[in-house]
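Trainee: Mind having a look at this structure? Questions to follow.
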Amino acid sequence: MLRRLTPVLLTLVVVALGITALAARPDNGNPGRSADFVVMVGVAGLRWDDVDPATTPTLWRMAETGSIGSLSVRSAHRPTCPVDGWLTLGAGNFAGWNGSRLPGGCPAAQVAVEQPDGIGANLPDQESVVAYNQDKQSWGATPGALSESVRCSVAVGPGAAVAAARPFGRVDRYAPALPDDPAELLGSCVLSIVDLGTVAGEDPVIRAAQARQADTQLARVLAARPPHSLVLVAGVSDTDTPSRLHVAVADGPGWERGWLTSPSTAREGYLQLADLAPTALAALGRPMPERLFLGRAAVSVGGRPADLRTAIDHPADADREAGARREVVGWFFALLAVAQVALAVAVLPLLRRARRHAGPHGPEPVSRRVVAAVELLLIAAALAVPAALLADAAPWWRGQHAGWWFAVVTTLLIVGGTAAVRFSPGHDRTLGPLGAVAGLATLVVGVDVLTGSRLQLNGVVGYSAPAGGRYVGLGTVGLGVFIAGSLLCGGWLAQRVRRAWRPVVMVAIGAAAVVIVGSPYLGADSIGAVALAAGVSVAAAICTGGWLTVSRLAWATMAGLALTIGFAVIDLRRPAAERGSVGRFLAALGDGTSGLTVHRSSAANVETLVNSPLTVLALAGAALVWLALLQPWGGLMRLFGIYPAIRAAMAGTGVAAGIGGVLGGAALDVAGAAGALVVPMAALAALRVLDHATDRTQPAGGRPGDDGGSGPAGGPTGGADPDGGRASGSADPGGVDRPSADADVGPSGAPAGTAGADGGGTDARGGAVAGEPATEGPVRVPAQGRPASTDVPTS
């Protein structure tokens, strides 16, 4: 009875832990009314390295008393040109101007502003811009949503007119430049938007002059600000490629000496351009427009250093790291793809010649030194991504030739990790390197997530804050590595215990991984958690051996669906501003706007599939597995027959990586990152299994594979470890593959030791049972090192 209930109980464990992790949400606080007036000041291109006490004294003093943050100026276009930034500011959503653009650059802004009555203004192009964003863009932005949410608004300058124009093009009050005494103008409406020009180029002298001019104008704005007002200063856009992080400062009651932080980023000190509109309305105590704002109201949180220079160095350093990342990330993944493809090609002849032949015919076995060298290269390739993540613990981006420093640090970490695996206990066992590599990869990613994902933020194998896709938790590459590492760790540990306990071990490891991935405090990836739950369920269903039957597939599917439905029910009960991605999608499905989400996800999948080098990794890995490793001579089917828990872990990895990539808009990137770890380890384990394909055991009593059969006196002792370790003290350094006798059940349900999956004969099956002291075992008959004579004596 208990055996029949085991799948049900394990499914309930995965679902309960997953829902618990996904349901908890951080308390971001609901910002209340803090001001009677809001003045939003924009300077296109203004970055933190432009701010210092000598060049921008007004902004410096404002930053000392107010809250500061790093602003990502993401819009509907890349890069965000000034007109796109102003439009996004007024829409509270990712918007874009419909004019012509130069590839990779920003054209000169040509915004027509008409002043028919001398009080307000009119933008004749506004209606076409609104139609463009509604019909041609996938974000559903409505330019002018901010101004529509207040009774009247003021715009100073052409950029501010773009932000303050209502959807039909009317600007309530407009001045082309800041008047001599702006107090009356700024106090005439509760919302004022001021354009103080642009800071452009890379020449420090030119940038300093432009920043000084903007700072002089800012001093006039602050002197004329209305009483009890909030002033927001923002670098509203880029001025050229690539995208950068920009200045954000808030000064007013309740915004003293903190970090500007938005729930849309969930990262202390970071906010998006689209967050400024809801921040202004929240400060004024106005309701948010329903379904129009994608941004979230920012708040001020404590923890900022008392010294402003130290505080400013933090966002400036983040911008430098993001810039160095852009120069490195392309060639790193391209080089990794080339290296893994070349290594896969090099492994093919070794797989062909890995099996030792006992007879006089067949190719000579490959030199042990060559095999050992290839094994080290496979380990190094599998550790490349975790090493690149760990490299961001060293500030390689601060020096000259940052790319070379990154290469040196990453190479040293790869060499160190490879050496640690090589000299780790149990390396000579068949699954020794696989377990060690999986453990190291899981440890690196897991510790980073548990400590705030600092290595992934702006990291080479993480995510970029200027790009605006993610700011906290697990990135696409990190998710793939963590899925593969955690499931392989679960399979490796499950293979070391009795068959009846393997699902429990797999679920325990997998459930912990689901919590880490899905918790908003940790991985913050609800889609990844749902995908991993499905993978864990598949792995737990088949880790004892046998096929993935209909009933097992049903339980795995039910676990994933139950987790998704349970979280969706809880998420939908939250206020709209606090919902996660699943809740927002279901709410959009209910009001008929889910098509935008599906369109964005589909477009992201197509773009990533075409442009990402991880696609090459995923396809190359799949080709190696399908065309070589799964062939009769490839060894992987034999490995799966001997070690069903490893087969389950790899199957679960494929399921989780596929679901997580497609639903998350990452196409094959998650699978490529997972394959970069799994495929080299699968090839290494297959080589080791094939190396002993012709080894035999001579049973001392009973049939082959009997659990605990007694052998003759003087038989070998010690046996083999449950994970297929090589016999201790064996004359052959390779030893014999000997998993636990009760565990080796092939896909068909028959003992794998009876006949190899690739037709290679009987496997060694006489190992000691996991958890029990080894006693006398079967006698091992090694394959002959030289061709044996086949002459038949004649009488």
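Trainee: Given all pairs of different Cα atoms, what value in angstroms does the Kirkwood hydrodynamic radius of region 599-698 take?
Mentor: 14.5 Å
Trainee: To continue, here is another question. Could you tell me the distance between the Cα centroids of region 194-211 and region 283-320, to the nearest Å?
Mentor: Cα centroid to Cα centroid, the span is 23 Å.
Trainee: Let me ask something else. Between M558 and W501, what is the FRET efficiency for a Förster distance of 30 Å, r being their Cβ-Cβ separation, to the nearest 0.05?
Mentor: That pair, M558 with W501, gives E of 0.85.
Trainee: Which percent of Cα pairs goes in each bin when the distances of region 474-515 are cut into 10 angstrom slices starting at zero?
Mentor: Calculated over all Cα pairs of region 474-515, the distribution is 32, 48, 18, 3 percent.
Trainee: A further question on this structure: Which loop GluC sites (Glu not before Pro) in region 126-230, with loop taken from DSSP, have no more than 14 other Cβ atoms within 10 angstrom of their Cβ?
Mentor: Within region 126-230, the qualifying GluC sites (Glu not before Pro) (loop, at most 14 other Cβ atoms within 10 Å) are E202.
Trainee: Can you give me the accessible area per residue for region 407-475, using a 1.4 Å probe, in Å²?
Mentor: Per residue, region 407-475 has an accessible area of 35 Å².
Trainee: Right, here's the next one. Dividing the alpha-carbon Rg of region 295-439 by 2.2 N^0.38 Å yields what?
Mentor: For region 295-439, the normalised Cα radius of gyration comes out at 1.52.
Trainee: Mind listing which GluC sites (Glu not before Pro) in region 236-316 are in a DSSP loop and have 10 or fewer other Cβ atoms within 10 Å?
Mentor: Passing sites in region 236-316 are E290.
Trainee: To the nearest 10 Å², what's R74's accessible area with a 1.4 Å probe?
Mentor: Counting only protein heavy atoms, R74 exposes about 40 Å² to solvent.
Trainee: Using a probe of 1.4 angstrom, how much of the accessible area of region 101-190 is carbon and sulfur, in percent?
Mentor: Of all accessible area on region 101-190, carbon and sulfur atoms account for 50 percent.
Trainee: Tell me, what is the 1.4 Å probe accessible area of V301, in Å² to the nearest 10?
Mentor: Spelled out: V301, probe radius 1.4 Å, area about 40 Å².
The values are calculated or read from the model by the stated rules, or taken from the named source; none is laboratory data. Fair warning: this is a prediction, and the values are worked out from it, not measured in the lab. Methodologically, a virtual Cβ is constructed for each residue, glycine included, from the backbone with ideal geometry; neighbour enumeration extends over all protein chains shown. For accessibility, only protein heavy atoms count, side chains too; no ligands or nucleic acids. Shrake-Rupley method; radii C 1.70, N 1.55, O 1.52, S 1.80 Å.
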